[in-house]
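So the structure is just underneath, and the comments pick up after that.
The values are calculated or read from the model by the stated rules, or taken from the named source; none is laboratory data. Just so we're clear, the structure is a prediction, and the values are computed from it rather than from any experiment. Cβ placement follows ideal geometry from the backbone for every residue including glycine, while neighbour counts extend to all protein chains displayed. Note: areas computed on protein heavy atoms with side chains; ligands, DNA, RNA excluded. Shrake-Rupley method; radii C 1.70, N 1.55, O 1.52, S 1.80 Å.
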Amino acid sequence: MGMKLEVRNLTFSYDGSRKIFEDISFQYHSPRVFCILGPNGTGKSTLLRCMINELRAQSGSVFINDAQAGAYNARELARIIAYIPQNHYPAFPFPVLDIVMMGRISRMGYLANPGKMERKIAMEKLEFLQIGHLKDKPYTDISGGERQLVMLASALAQEPDLLILDEPTAHLDFGNQYRFIQLVKRLAANGTGVLMTTHFPDHPLELNSLTAILKDGKMIGIGNSEELLTDRNLTDLYNIRVSVESVGRKRICVPGGFHEECI
């Protein structure tokens, strides 16, 4: 069935004067992938935190399935939306399987302990992400890329309608970035909605996603990635000359184009 997310005229400021973003509006229906594209420091992460009630917007509203987001308590919201922040720092050396089972908390009774069902679901998510071999390793001893996948497995264990991912590839190398984007395709194909922020314009092109461009705290465009991510729009966004080129069946973004110097 999926879910509906609507952001209406959202504005946020930490100090009441300088606005981090202003008058942001859009609608999203899962399971299509939705990318919010923008350079560093333009308010993408803060916008996501307002959408999940972690920060209170100065004005505007967020609606989830036609009800205001503030009407949901944390447990109810966790059954609909799973959020993975850009940075997460391991504090204790819990086994990976235990970390993933923590994603089941919103589906369990208040005093219940994880049982066979929670372990089964956690293992299914680890195997889906092809990291089942990590189940007994301490979370603190695995690589950054592996941690990202473990956090994703834990989010999937929530069985949400929507995954919200903040710059999910920011700390991954080139190969793991590509693998992660292919994984997002699989999630969407399996019916899970994905809303993600990124500062890499190649990602929404690869995902053929609905895309919004955020610059200087304002949404300056929204539409299908193939139509929205033009040479002109990307050049304006990043303040360098950008050319969108075809390589085989793919469309890629090239700073300066193949035959021009960057300016």
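With respect to the numbered conditions (1) out of contact with any Cys (no Cβ under 7 Å at 6 or more places or on another chain); (2) within 23 Å of Tyr28 (Cβ to Cβ); (3) open to solvent by less than 60 Å² (accessible area, probe 1.4 Å), which one is the sole condition not fulfilled by Glu245?
The one condition Glu245 does not meet is (2).
Assess whether Gln177 counts as being surrounded by fewer than 22 Cβ atoms within 10 Å (Cβ to Cβ) and assigned to a loop (DSSP other than H, G, I, E, B).
No, not satisfied.
Six or more apart or on different chains, Cβ atoms under 6 Å: show the pairs whose first residue is in region 76-100 and under 18 Å from Leu156 (Cβ atoms) and whose second is hydroxyl-bearing (Ser, Thr, Tyr).
From residues that are under 18 Å from Leu156 (Cβ atoms), the pairs are Ala78/Ser106; Arg79/Ser106; Phe94/Tyr139; Val96/Tyr139; Ile99/Tyr139; Ile99/Ser154; Val100/Ser154.
Output the number of the condition that Glu76 fails; it satisfies all remaining conditions of (1) open to solvent by 50 Å² or more (accessible area, probe 1.4 Å); (2) in a strand (DSSP E or B).
Unmet condition: (2).
Residue pairs, Cβ under 6 Å, 6 or more apart or interchain, first in region 18-32 and open to solvent by less than 50 Å² (accessible area, probe 1.4 Å), second of a type in the set (Ser, Thr, Tyr) and outside any strand (DSSP E or B). List them.
Ile20/Thr46
Yes or no, residue by residue, for (1) in a helix (DSSP H, G or I); (2) surrounded by 16 or more Cβ atoms within 10 Å (Cβ to Cβ):
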{"position": "His133", "(1), (2)": "yes, no"}
{"position": "Arg147", "(1), (2)": "yes, yes"}
{"position": "Val150", "(1), (2)": "yes, yes"}
{"position": "Glu159", "(1), (2)": "no, yes"}
{"position": "Gln182", "(1), (2)": "yes, no"}
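Residues in region 34-79 that are over 23 Å from Ile222 (Cα atoms) and basic (Lys, Arg): how many?
Of the residues in that region, 3 qualify.
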